[in-house]
1. Only residues that are touching a Pro at 6+ places or on another chain (Cβ under 9 Å), open to solvent by less than 30 Å² (accessible area, probe 1.4 Å) and either of a type in the set (K, R) or in a loop (DSSP other than H, G, I, E, B) (or both): list them for segment 35-58, please.
2. Does Y190 qualify as being open to solvent by 60 Å² or more (accessible area, probe 1.4 Å) and in contact with an Asp or Glu (Cβ under 6 Å, 6 or more places away or on another chain)?
3. Among the residues of segment 2-22, are any within 18 Å of the chain's Cα centre (by Cα), of a type in the set (S, T, N, Q), modelled with pLDDT of 95 or more and part of a strand (DSSP E or B)?
4. Please work out which residue is farthest from Q151 (Cα to Cα), limiting yourself to segment 59-85 and to residues that are small (G, A, S) and open to solvent by less than 60 Å² (accessible area, probe 1.4 Å).
5. Residues in segment 108-129: is at least one touching a helix residue (DSSP H, G or I) at 6+ places or on another chain (Cβ under 8 Å), hydroxyl-bearing (S, T, Y), surrounded by fewer than 20 Cβ atoms within 10 Å (Cβ to Cβ) and under 28 Å from C178 (Cα atoms)?
6. Of everything in segment 12-34 that's touching a Ser or Thr at 6+ places or on another chain (Cβ under 6 Å) and free of Cβ contacts under 8 Å to residues at least 40 places away in the same chain, which residue is most open to solvent (accessible area, probe 1.4 Å)?
7. Report, by residue number, each residue of segment 167-187 that is open to solvent by less than 50 Å² (accessible area, probe 1.4 Å) and in contact with a helix residue (DSSP H, G or I) (Cβ under 6 Å, 6 or more places away or on another chain).
8. With respect to I136, is the statement that it is surrounded by 21 or more Cβ atoms within 10 Å (Cβ to Cβ) and either assigned to a helix (DSSP H, G or I) or more than 18 Å from the chain's Cα centre (by Cα) (or both) true?
Amino acid sequence: VDLSSYGISGGIPPEIGELTKLKYLNLSNNQLSEKIPSEIENLTNLEYLNLSNNQLSEEIPSEIENLTSLEYLNLSSNQLSEKIPSGIENLINLEYLNLSNNQLSEEIPFELWNLTNLKKIMLNNNNFSGIIISEIENLINAEIIDFQENQFSGILPNQVCFFYDKEIFINFRYNNLCPPYPDCSLINEYFIHGQDTTNCN
């Protein structure tokens, strides 16, 4: 079902959960508001979900963990807040994750680093905080990692050089990351440019 740019407004009705055979759902570029209904958990055959460029708010429902067939998830450019639910680790087939341009916060759940099929992960322009842990190296199939413009702090692990060495796009610009920066960042300052080091020792 492709209903992108249809001018649809209001909330996503809970009846969406009755479309259990649905594999493709695109509701992007509308004026959808309110929260994503928990009934979405019934769409267990869904492989593609795009709700980007709406005004959806509140948290990402924990029930999203039941969408184990998902390969593509785009919730970018909404007003989603709170943290990423840890149950996201159940989305083992996920290759594309775009949560950029929201108001998501707190630390990235450890479970996210277990999604080894991810090729593109965009968390940029949110309020994520905490440190980037060495388990980022688990994302062995990544092509794009964009964490720009958040509140990440601490020291960036040397494991990020794995991606740089493979010419994978990786971006940590405009965070609160502290020196010393990984050796590969000395070669290319672009991906760590613009850090606010006010709270670094």
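The values are calculated or read from the model by the stated rules, or taken from the named source; none is laboratory data. These numbers come from a predicted model, not from an experiment. Heads up, the Cβs are rebuilt from the backbone with ideal geometry, glycines too, and the neighbour counts pull from every protein chain shown. Keep in mind that these areas ignore ligands, DNA and RNA; they rest on the heavy atoms of the full protein, side chains included. Shrake-Rupley method; radii C 1.70, N 1.55, O 1.52, S 1.80 Å.
1. Of everything in segment 35-58, those that are touching a Pro at 6+ places or on another chain (Cβ under 9 Å), open to solvent by less than 30 Å² (accessible area, probe 1.4 Å) and either of a type in the set (K, R) or in a loop (DSSP other than H, G, I, E, B) (or both) turn out to be I36, P37.
2. Numbers: open to solvent by 60 Å² or more (accessible area, probe 1.4 Å): yes; in contact with an Asp or Glu (Cβ under 6 Å, 6 or more places away or on another chain): no.
So Y190 fails the test.
3. no
4. Step one: filter segment 59-85 for residues small (G, A, S), giving 62, 69, 76-77, 81.
From what's left, open to solvent by less than 60 Å² (accessible area, probe 1.4 Å): 69, 76-77, 81.
Numbers: S69: 31, S76: 18, S77: 18, S81: 14 Å.
In this case the residue turns out to be S69.
5. Looking for residues that are touching a helix residue (DSSP H, G or I) at 6+ places or on another chain (Cβ under 8 Å), hydroxyl-bearing (S, T, Y), surrounded by fewer than 20 Cβ atoms within 10 Å (Cβ to Cβ) and under 28 Å from C178 (Cα atoms), one finds at least one in segment 108-129, hence yes.
6. Here the residue is Q31.
7. Step one: of segment 167-187, the residues open to solvent by less than 50 Å² (accessible area, probe 1.4 Å) are 168, 170-173, 175-178, 182, 184-185.
Result: I170, N171, F172, P182, C184, S185.
8. Taking the combined requirement at face value, the residue satisfies it.
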